[in-house]
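Here is the structure we will look at.
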Amino acid sequence: MLPYIFIFLFASVLYFHKNERKVSVGFYIFLMLLILISGFRDMIGGYDVYIYGQIFDAPVEVIANFKAFEPGFRLYYIFLKQLNDNRHFMFFITALLMMSLHFFAVKKHSPIVYFSIFLLFCKFFLMSFVYLRQGLAMGIIWFSFPYILNKNYIKFFLLAALAFCFHKSSVIFVPMLFVGGLKFKNINMFIIAFVALIIAVSPLSGILLGALAESSGDEKASIYVAKSGDVNIFYFIEILLLIWLLLQFRADFYKTKYGTLLANGLFGYIIVNIMALTNASFVRFGWYYFFFLILAIPSIYNFINSQKTKMAFKTIVFAYYSLLFFRLLIVYDGGDFMPYKSIFQDFNRGSMWEFMEYK
C-alpha cells in the first residue's frame, strides 16, 4: 500500500503546483516513478497479466500464431524476445513505452500539464497494469491530436492504423477526424445525449455494443456484451456532471479550433460512456476519448474568472479523482492490487490470481 500512497502524494503535490504549461523536473521524476512501480511489479494486474506473461514466454512460433493478439503487438513481442526473453523485461519496456507516450502527449497539448497528469494518473495508472495492448494503442492514437486539428488525413490514418495493430478497439477514435471541428448547439448535444441514454437502457444497447465488439475484433468485448446489467449509478452521476460542465462552457470552448476539438472530444467521451452505462466493461472503449477529458477539465479551470471559484473547482476535481483512485485500488478484483510487490521482493501476496502462475 505504501508505494501507492507515496506516488499519490507526489501526484497531489504536482497537481497544486503553480499553473504553468511548462514542466519542472517533477514531471520527469514522477514519470520515472510510475515506470519503475509499474515496470517492476511482480505479476500484479489480474488474469490478463498472466496471459500476457505466458504468451511472451512461449516460443516465437506460438506468439506469431496467437490470433487473440493483434499483429502489431505480436511483432512487438517477437522483437522484445530477441533482446531478452524474460517476461519481466517485457512488462518493464511496456510500462516505459506506455507511460512515456501518455505523459508526452499530455505535455504537448495540455493547458495545465500537472492538472492533466493527475487526472490521467488517478483514472488510468492502475489500469495500465492490466490493459497492455490498449494502453499502448491509446498512447499512439493520442499523438494524432494535431493531425485532427489540422485535418492531416494521411498522418492521422497512419497513426490510427498503427494503434489498430496494437488494439482493434482504437477504431472507435476515428470519427473524431470528421466531427472534431463541428460546432454543436446546446440543444443538439442534449438531444444526442438523451437518445444515447434511451438506447443505453434499452435492448438496443446490446445490439450496438455487440456490433462494436465485432467490428473491433475484440473477442473479450463480445463476451462482455452478455454481462450487461443495471445502470451503474457512479458512471451516471459522472456523466451528468460532465454534460453540465460542457454545456456551461461550450461557448468558451468553441472560440478556438483547439477548444472546439476538446469540447467535441469530451462530448464523444460522454456519449461512449452513456452507451456503456449498463455494462461497465465497455467503459474501456471510452479510454481513447479520455484524452480529451484530461485536457478539457484544466481548460474549464482556465475559463473560470473568479479566483475563489477556480480554487473551489480545482479542490472538487482533486477530491473526486482522489476518491476514484483509492476506490479503484480497494475495489478492483477485491483489492488485488494490494499489497504491492516488486520483482525484487520475496513474499506471498496472497493474490486471487496466483493459481494461474505457470512457473
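The values are calculated or read from the model by the stated rules, or taken from the named source; none is laboratory data. The structure presented is a predicted model; accordingly, all values stated were derived computationally and were not measured. Note that each Cβ is placed from the backbone with ideal geometry, even for glycine, and that neighbours are counted across all protein chains shown.
Points to keep in mind about this one:
- Of the residues S222, S228, S202, the single one that is among the hydroxyl-bearing types (S, T, Y), surrounded by 13 or more Cβ atoms within 10 Å (Cβ to Cβ), at pLDDT below 90 and not in a helix (DSSP H, G or I) is S228.
- Of the residues making up the stretch 134-148, just one is in contact (Cβ under 8 Å) with a residue 40 or more places away in the chain and among the polar types (S, T, N, Q), namely Q134.
- From S110, S116, S128, residue being of a type in the set (S, T, Y) and within 18 Å of A319 (Cα to Cα): S116
- Residues located in the stretch 151-168, provided they are of a type outside the set (S, T, N, Q) and in a loop (DSSP other than H, G, I, E, B): K151, C165, F166, H167
- Just one residue in the set Y76, Y114 is hydroxyl-bearing (S, T, Y), crowded, with 22+ Cβ neighbours inside 10 Å and more than 30 Å from L262 (Cα to Cα); that residue is Y76.
- Residue that is nearest to E354 (Cα to Cα) [pool: residues in the stretch 1-53 that are part of a loop (DSSP other than H, G, I, E, B) and charged (D, E, K, R)]: D42
- One residue stands out in the stretch 2-45 among those that are of a type outside the set (A, V, I, L, M, F, W, C), crowded, with 19+ Cβ neighbours inside 10 Å and within 26 Å of R349 (Cα to Cα): the one that is farthest from the chain's Cα centre (by Cα), namely R41.
- Of the criteria (1) β-branched (V, I, T); (2) in contact with a helix residue (DSSP H, G or I) (Cβ under 9 Å, 6 or more places away or on another chain); (3) surrounded by fewer than 21 Cβ atoms within 10 Å (Cβ to Cβ); (4) under 21 Å from F234 (Cα atoms), which one I274 fails: (3)
- Every test in (1) under 25 Å from P146 (Cα atoms); (2) more than 19 Å from the chain's Cα centre (by Cα); (3) surrounded by 16 or more Cβ atoms within 10 Å (Cβ to Cβ) is passed by G53 save one, and that test is (1).
Per-residue answers, yes or no, for (1) of a type outside the set (K, R); (2) at pLDDT 95 or above; (3) surrounded by fewer than 15 Cβ atoms within 10 Å (Cβ to Cβ):
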site	(1), (2), (3)
A137	yes, yes, no
N150	yes, no, yes
S169	yes, no, no
P175	yes, no, yes
I192	yes, no, no
I198	yes, no, yes
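- Counting only residues that are under 20 Å from F92 (Cα atoms), of a type in the set (F, W, Y) and surrounded by 13 or more Cβ atoms within 10 Å (Cβ to Cβ), the stretch 332-352 holds 2 of them.
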